[in-house]
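Below: one structure, written as structure tokens.
The values are calculated or read from the model by the stated rules, or taken from the named source; none is laboratory data. Note that the coordinates shown come from a computational prediction; the quantities given were computed from them, not determined experimentally. In this analysis, Cβ positions are derived from the backbone assuming ideal geometry, glycine residues included, and neighbour counts consider all displayed protein chains. Surface areas here come from the heavy atoms of the whole protein model, side chains and all, with no ligands, DNA or RNA. Shrake-Rupley method; radii C 1.70, N 1.55, O 1.52, S 1.80 Å.
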Amino acid sequence: MESGKQLADVVSDSGVSSVAIVGTAKNVGKTVTMNYLVSELSAKGLTAGLVSSGRDGESIDAFTGQPKPSVVAPQGAWVATAEGVLRGSASGLEIADVLGTQGLFGRIVLGRAVEAVALELVGPRSARELAAIVNKLLELGTDIVLVDGALDRIAAASPKVSDATILATGASLDMDLESIAQELGFVVWLLSRPEHPVKAIASLAREAVEKGTVCFIHACRGKEQGRYTLRPAHYPTVLGVEDLVLEQAGDAAAVVVPGAVSQAFLDKARSWAKQREFAVIASDAVSIFASKRPGVSLYVTQPLNLLAVTVNPVSYLGVSHDPREMVNAIGAAFRDIGYKLPVFDVVSGEKSIEGVSGMAVG
Amino acid sequence: MGTVIRHGHDRATSGAKVANTPHSDLVLPYGDQFNDGIVQVSFTLPVAAGALAEEAARQTMKLMGLEEPQVAEVAPIGENATFFVGYGKLTRPVELSKLRIAKPMWEELDQITINRLVQETLGRAMVVVGAATGQDAHTLGLDAILNYKGFAGNRGLEAYSALKVVNMGSQVPNETLVAKAREVSADAVLVSQVVTERNVHLANLTNLVELLEAEGLRDKVVLVVGGPRITHALAVELGYDAGFGPGTRPQDVASYLAQEVARRVLN
Ligand code: B12
């Protein structure tokens, strides 16, 4: 990456129309990252839209009792929030639409900031509703929608909701730098799961996800060698039926799971795959519930576009790291596992110079 | 010794920044006079009783944001710990008009009305799956809501003809709960979380939401969590539709469920 490039440049150069900011834990600086991005993107002349998948910008954190930064919408920016939190800050918003969707404090309203306004963002309850709001904001003329993820939830990063992802992380994830870097290496590995390298398999996998049924992909033999076929397993899910599904695998090259891929399923698939080439294909990284590297090939049908990682070197527990040390340690951890991903601390301006773009090289 | 806590509703005087009258928008705790800010606290320090321990106690109260801290009671607990009761003064009021209380939106209905509403809305019984999830082994709270017998003289959800209850018990992994919800085509998923030490319940609760999202079931169920430390605001922030705290009666939950499915069908 050119060393002059900042997070806002990475985002605007990517040309995406929606970015989810998801966190590895609470208090990792998602709101700070969002405020930084919305102000920088607005300065670049882009019309930003803001929406949260939970609750953001409330003055006191509901869990830790710590003061939290408010969300600041610059003049001209669009926001989606619940009508019940607009009392007091509503003056700066011009309401364009009221949706049927119920948030924590009533219906979700879409409005435009007539002047810079500090407010609380309250989002809808499901990813489907969130996706609908993102689309609505784009229809209203937003250039780029920033979706703030809630807590440690990453559903906002689903390709069904947003085009690209920024991973926010920080000192509250864990105590020492080494464990933070290690844990992050795993999260980035997971969020960067690519499509199956064999085009024919990748395309059949997309078909299986469309069907909504667990399917196997088999290599054809003899004259048909090099081609593949799809075989439905007649289960909509692997949850609770891990063994039953795998017993049907036969000589399959891959199993495609349209729903959640659990750690239990990955463990079983791993022993299954010991003697052969076998891959697990999930619909997207957000549907994979792995707590460690699974020891079996793992792909997705819709890869996430992971743009960057941000770090917050200070935690509410009072742990704080030197920003430069932290950014470098995390950048190095990514390099070690073969990923080039820019790392930023938007507060101190520290960044790692390793990254080029969010594309995985491994 | 200290301030005696009295309840003097007629002791209104004026002049202070914060009105010394009831029904003011800015409120502080009170001891002698309305909004005088006086509070009583008690805590234990791992320090042997003595002058050092007392000074440590006063500092502790200052760190709590209390002005004019006074130590009122000192009791040694064994050799190296001391229990304190202290008084101090809070000066930062709470602004009532700035507070927002999030409650699930429902009105209380009787059993017959609830059954009728569910039948009219769905044309069948509503399937409710309940479990205490993750590591949680406490079943009494969940049973109080689900079991026929109910809680505090109020019949449980099993007593409602329009509710078909599947009680999975305790320590149910989220994956198993989600699989069951799919198997029985659940209309509602009810989760109990009692153990909340070190916030273990938070990650477990968000994990369930993410699993339901991945399985494409999140929009198909009314998702509810209950427990002694659960509030509606917390539940919604975690991605649930509603949260129920201590003292919840089954009828509250049944009323909510019936009205929520009706609202969804209307929308
Ligand atoms: C009985 C009990 C047990 C029994 C449970 C037996 C059983 N079958 O349930 C046993 C002995 C097994 C037990 C074990 C433990 N317990 Co225990 N236990 C209690 C006790 C004494 C009562 C809890 C209870 O049943 N209350 C009565 C029910 C009716 O109330 P409730 O749960 O609040 O439910 C109501 C509402 O919250 C709500 N609700 C609850 N769930 C749901 C669900 C839905 C869907 C809805 C709508 C509403 C709802 O509605 C209910 C009715 O109003 C409490 C202390 C206390 N007095 O509260 C400790 C307590 C809950 N236990 C505690 C602890 C720490 C433990 C252990 C970890 C102890 C240990 N170190 O081993 C283990 C945990 C094991 C585990 N893995 O979960 C702590 C929890 C602290 C915390 N906040 O995390 C408590 C508070 C005791 C304490 N002060 O330390 N415990």
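Summarise the accessible area of the protein assembly as shown (1.4 Å probe, protein heavy atoms) by the percent that is carbon and sulfur.
Within the protein assembly as shown, the accessible surface is 51 percent carbon and sulfur.
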query = Pairing the Cα long axis of helix B:200-214 with the longest principal axis of chain B, what angle in degrees results, from 0 to 90 and rounded to the nearest 10?
reply = 30 degrees
request  = Excluding residues on the same chain fewer than 8 positions from A:Lys351, give the lysines whose Cα lies under 17 Å from its Cα.
outcome  = A:Lys5, A:Lys30, A:Lys340
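Say R0 is 35 Å: what FRET efficiency, to the nearest 0.05, do A:Ser320 and A:Lys292 get from their beta-carbon distance?
Efficiency, from the Cβ-Cβ distance: 0.80.
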query = Over chain A, what is the mean sequence separation of C-alpha contacts under 8 Å (at least six apart), divided by residue count, expressed as relative contact order in percent?
reply = 18 percent
request  = Search the structure for amide H atoms under 5 Å from the amide H of A:Ala96, placed 1.01 Å from N in the peptide plane, and list their residues when 5 or more places away or on another chain.
outcome  = A:Leu110, A:Gly111, A:Arg112
ask   = On average, how much accessible surface per residue is there in the range B:111-266, in Å², for a 1.4 Å probe, leaving out ligands, DNA and RNA?
value = 39 Å²
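Across chain B, how large is the tail of the calculated P(r) beyond 22 Å, expressed as a percent of all Cα pairs?
66 percent
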Over the protein assembly as shown - Rg/Rh using Cα atoms and the Kirkwood inverse-distance radius = 1.00
request  = Could you calculate the contour length gain from B:Ala72 to B:Thr113, that is, 0.36 nm times the residue separation minus the distance between their Cα atoms, to one decimal place in nm?
outcome  = 9.2 nm
remark   = Rounded to the nearest 0.05, FRET efficiency between A:Ala96 and B:Asn267 (Cβ-Cβ, R0 25 Å) equals 0.75
inquiry  = Under the 0.36 nm per residue contour assumption, what length would be gained going from the current alpha-carbon distance of B:Gln59 and B:His138 to full extension?
reply    = 24.6 nm
query = If you take the beta carbon distance between A:Ala118 and B:Gln40 as r and set R0 to 45 Å, what does 1/(1 + (r/R0)^6) give as a FRET efficiency, to the nearest 0.05?
reply = 0.80
ask   = In the calculated pair distance distribution of the range B:111-266, what percentage of Cα-Cα distances lie above 29 Å?
value = 8 percent
request  = From other protein chains only, count the Cβ atoms within 10 Å of every residue's Cβ in B:193-201, then give the mean.
outcome  = 0
request  = Return, for the Cα atoms of the range A:199-300, the radius of gyration and Dmax in Å, separated by a comma.
outcome  = 12.5, 42
note = The set of residues whose placed amide H lies less than 5 Å from the amide H of A:Ala82, leaving out same-chain residues fewer than 5 positions away, is A:Val109, A:Val122
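For chain A, go through all pairs of different Cα atoms, get the mean of 1/r, take its inverse, and jot down that Kirkwood value in Å.
21.4 Å
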